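Input: a single structure, listed below in structure tokens.
The values are calculated or read from the model by the stated rules, or taken from the named source; none is laboratory data. Source: prediction; values computed, not measured. Backbone-built Cβ (ideal geometry, glycine too); neighbour counts: all protein chains shown. Ligands, DNA and RNA are stripped out before the accessible areas are found, and what is left, the full protein with its side chains, is counted by its heavy atoms. Shrake-Rupley method; radii C 1.70, N 1.55, O 1.52, S 1.80 Å.
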Amino acid sequence: MAEAIADNSERELPYVRAITEGVREVLLEQDNSFVAGEDVAGAGSVYGYYAGLLDEFGPERIYDTPISEEGIVGLGVGASATGCRPIIDLMFMDFLGECMDEVANQMAKMRYMFGGAATLPLTMLTMSGAGASLAAQHSQSLEAWICHLPGLKVVQPTTPYDAKGMIIAAARDDNPVIVVLNKMSLGLMGPVPEGPYEIPIGKANVVRPGTNYTIVATGRMLHEALKAATQLTELGIDTEVIDPRSLQPFDTATVVESVKKTHRVMVVHEAVRFGGIGAEIAAQIQEDAFDYLDAPVARVGAPFSPVPYSPALESIYVPSAKSIVAEAKKQLGL
Amino acid sequence: MSGTDLDALPDGGKHADAERPGVTEESRWGKSATGASIKGANALSLHVPEPVGRPGDEPNFSHVALSAAGEVSRPAVDAYAGDIKAHATSLVRVLSDDHEAVGEWAGATSLALCVQGLRAMMKVRAYDERMLIAQRQGKTSFYIQCTGEEAISCGQRLALERGDMCFPTYRQQGLLLAQDYPLLDMICQVFSNSRDKLRGRQLPVMYSAKDYGFFSISGNLGTQFVQAVGWAMASAIDGNNRIASGWIGEGSTAESDFHSALVFASVYRPPVILNVVNNQWAISSFQGVAGGASATFAERAHGYGIASLRVDGNDFLAVHAASKWAERRARSNLGPTLIEWVTYRAAGHSTSDDPGKYRPKGDAEAWPLGDPIDRLKNYLIKQDRWSEAQHEQTWTALQEEVRAATREAETYGTLNEGPKPSALEMFEGVYEEMPEHLLRQRQKLGV
């Protein structure tokens, strides 16, 4: 990423270790920050991204909780309302179903309902995404559920650099922030500077500049979009790729600015297409840049079905560079 | 708070913090709450449960409360829950250390049924061993063994009747194998191949077999427990005589689903057995993280007025006798029973887990309740109904049966090789009938 290069950092880390570093920086910086979740202490999370933190910070900063997502989120809400800055871990995003009242009706609304008297500096990390053969209940991308809730911020790191910087930004924010991680990106390598730094929440990242086509891609789909952009550019479509980074708040201005330049745009996400965040982005584009559009806004997302287990089916189900290029060709009449 | 008597302060201490130097309204509510941290003689602290042993330590199970075989009484089937509270802290055991069936719970299980149970448990173990190998060979991505816990599902299944419905978690393959459910069907599901009855949709081991009273398994924990209660209520509403059996791990009793299930079971007294399998570990969290150090899981039932038993889960005779007791209660309209099965998860949580990272080496071998297959085998040998030679022969035959079924399943494909589930059927089952927009999306995907 441009910022990392600017930082002159040569050091590369996998996404999973960038998460660890982000959380570690928060624990060093904030005395009243702690981590709570299932299997986070002894095992360092089922994906290992808290590895070593129990040894470094001790059992009063890293809590293995009982298996109750409702309890974990409730703990986070209660603790943050009294001044702590907890990092709570929801092992899989699918488990939102087990704690949705605490998320939707408590965490999101408490500041508003308390007349502004309650501040919830709460960070929630959760793991999303298909592609690992984990089937219908461990593979979903449910960003749309939480972006629909006024009071929450939602960010989605796509690179190791973003993962660390977004966790730090989320933990420093005085609002509840949900950091939506991606399980297929855990091994992804990338530059990660030493020490603390922030990725500003609410600002999109133009990852690849281009002149006559824009792809807005969230989460892991960023990497599929970048592959698709290379193929499209070979076909003469100089493609710009934007990573919104933050879904709530959403940086409409950066997207609109791009569309005003390229006049054609596609929105890509891994979630089910119907009612996905892409529908909102497409609507905002046509509201703010209708006169600049030379083609309808295209959307790529998963089909309207639960995520299947079989890799043979899952590979058809999950959007890819191939499906992005195919949809772009259709949109552009190529 | 620092231990100040807030009631003694004007306005009940509402502004107590604000009166302390360095503590502002802002820090009370969290802008920079670090300044509000008070560490002193009267500071509060949390109890953070820690397991008795971690890797590098010697196995230690001195905290597990045991009773001697035969020590615990067998109450009448219509016993009032409040009169048998002691059964939630003692441990029902039948098989003694010298391989005899002793006490009031003995005699409920015929020798023929014991032989049937032993074969079922051995089949489960042979199946688990073969599927673990298959996972290592890449024929599936994931497998969950139930090593050491075979007696619980096999023993209870043999106490139930056809038409009863179990709502299992992922370590009750014995519920199927004790009924001789076709191995081929199970393996094809695990391999997610072209003959998989669930058509490649579900995680391996998440079988579903309505005809065999095996509901299905949820990846999000605890949900089946309330469903079991709901099913049992429906059975009573329909006025038939079928009962339900819900299953949950001790770790998942933390989920609110467990508590909702107990409330509904308490209020409506439906015909349900509420099984809590306490195998000591929920992935990396020991049972103390689920509150097991404060009270037994069987005692959870008392607050709801539900009868409960705490039973040796590695003792086939105790499992069968206690299950039969609860089954009789349920079918006689005497309401729900909660049973805590005390056992040990001898293997990892799943093939994605390495228990060497969080528990002492040799724990499984040191488990004081032994191995359920060995214990039943030794009992049957002592009763002259079994022999070492028969055991060896049966084990070899079962291994061969599982191997043959595996070979046959492979002809229908494995996870990454051979025929696959049909993509054409991928969107079937989302709704009862495929709606127009799903038909269109299938056409669009070109499958």
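Quick notes on this one:
- For region B:165-197, the tally of residues that are surrounded by fewer than 24 Cβ atoms within 10 Å (Cβ to Cβ) and away from chain A (no Cβ under 14 Å) stands at 9.
- Residues that are more than 7 Å from chain A (Cβ to nearest Cβ) and in contact with a strand residue (DSSP E or B) (Cβ under 7 Å, 6 or more places away or on another chain) within region B:280-291 comprise B:Gln280, B:Gln287, listed in sequence order.
- Residue ID - farthest from A:Leu134 (Cα to Cα), chosen from residues in region A:178-201 that are under 12 Å from the mean Cα position of the chain (by Cα) and more than 14 Å from chain B (Cβ to nearest Cβ): A:Ile201
- Pick from region A:47-60, criterion buried (at least 19 other Cβ atoms within 10 Å of the Cβ) and not hydroxyl-bearing (Ser, Thr, Tyr), ranking: farthest from the other protein chains (Cβ to nearest Cβ): A:Leu53
- Some residue of region B:234-248 being open to solvent by 40 Å² or more (accessible area, probe 1.4 Å), within 14 Å of chain A (Cβ to nearest Cβ) and farther than 27 Å from A:Leu90 by Cβ: no
- When region B:421-444 is filtered for residues that are open to solvent by 70 Å² or more (accessible area, probe 1.4 Å) and facing chain A (nearest Cβ under 9 Å), the ones remaining, listed by number, are B:His437, B:Lys444.
- Only residues that are loosely packed, with under 15 Cβ neighbours inside 10 Å and aliphatic (A, V, I, L, M) were counted across region B:362-401, and they come to 3.
- Of all residues in region A:62-91, those being within 10 Å of another protein chain (Cβ to nearest Cβ) and in a loop (DSSP other than H, G, I, E, B) number 9.
- B:Asp98 fulfils the conditions (1) assigned by TED's automatic domain parsing to the domain that holds B:Pro271; (2) surrounded by 14 or more Cβ atoms within 10 Å (Cβ to Cβ) except for a single criterion, (2).
- Unique residue being more than 17 Å from B:Tyr181 (Cα to Cα) and of a type outside the set (Asp, Glu) when the list is B:Leu132, B:Leu158: B:Leu132
- Scope region B:285-318; condition among the aliphatic types (A, V, I, L, M) and surrounded by fewer than 24 Cβ atoms within 10 Å (Cβ to Cβ); matching residues: B:Ala293, B:Ala295, B:Ile306
- Residue in region B:52-71 that is crowded, with 16+ Cβ neighbours inside 10 Å, within 14 Å of chain A (Cβ to nearest Cβ) and in a loop (DSSP other than H, G, I, E, B) present: yes
- Taken as a whole, the structure places B:Gly246 among residues that are within 14 Å of the chain's Cα centre (by Cα) and in the same structural domain as B:Tyr379 (by TED's automatic domain parsing).
- Among the residues listed as B:Ser110, B:Ser141, the single one being touching a residue at least 40 places away in the same chain (Cβ under 8 Å) and open to solvent by 20 Å² or more (accessible area, probe 1.4 Å): B:Ser141
- Whether a residue is in contact (Cβ under 8 Å) with a residue 60 or more places away in the chain, among the β-branched types (Val, Ile, Thr) and outside the structural domain of A:Ile277 (by TED's automatic domain parsing) was assessed, and A:Val180 passes this test.
- The number of residues in region A:64-115 being more than 20 Å from B:Gly222 (Cβ to Cβ) and either open to solvent by 20 Å² or more (accessible area, probe 1.4 Å) or touching an Asp or Glu at 6+ places or on another chain (Cβ under 8 Å) (or both) comes to 13.
For (1) open to solvent by 40 Å² or more (accessible area, probe 1.4 Å); (2) part of a helix (DSSP H, G or I), each residue gets a yes or a no:
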{"position": "A:Val255", "(1), (2)": "no, yes"}
{"position": "A:Lys260", "(1), (2)": "yes, yes"}
{"position": "A:Ile285", "(1), (2)": "no, yes"}
{"position": "A:Ala295", "(1), (2)": "no, no"}
{"position": "A:Val307", "(1), (2)": "no, no"}
{"position": "A:Lys329", "(1), (2)": "yes, yes"}
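- Checking B:Gly155 against (1) within 12 Å of the chain's Cα centre (by Cα); (2) not in a loop (DSSP other than H, G, I, E, B), the condition it does not meet: (1)
- Check on B:Glu100, of a type outside the set (A, V, I, L, M, F, W, C) and at pLDDT 95 or above: yes
- Tally of residues being open to solvent by 10 Å² or more (accessible area, probe 1.4 Å), without any contact (Cβ under 8 Å) to a residue 60 or more places away in the chain and farther than 30 Å from B:Lys357 by Cβ across region B:250-284: 6
- A:Asp94 closer than 27 Å to B:Ser252 by Cβ and either at the interface with another protein chain (Cβ under 8 Å from one of its Cβ atoms) or assigned to a loop (DSSP other than H, G, I, E, B) (or both): yes
- From A:Glu314, A:Glu280, residue being within 30 Å of B:Leu203 (Cβ to Cβ) and in contact (Cβ under 8 Å) with a residue 60 or more places away in the chain: A:Glu314
- Filter result (open to solvent by 10 Å² or more (accessible area, probe 1.4 Å) and in contact with an Asp or Glu (Cβ under 8 Å, 6 or more places away or on another chain)) within region A:120-135: A:Gly131, A:Ser133
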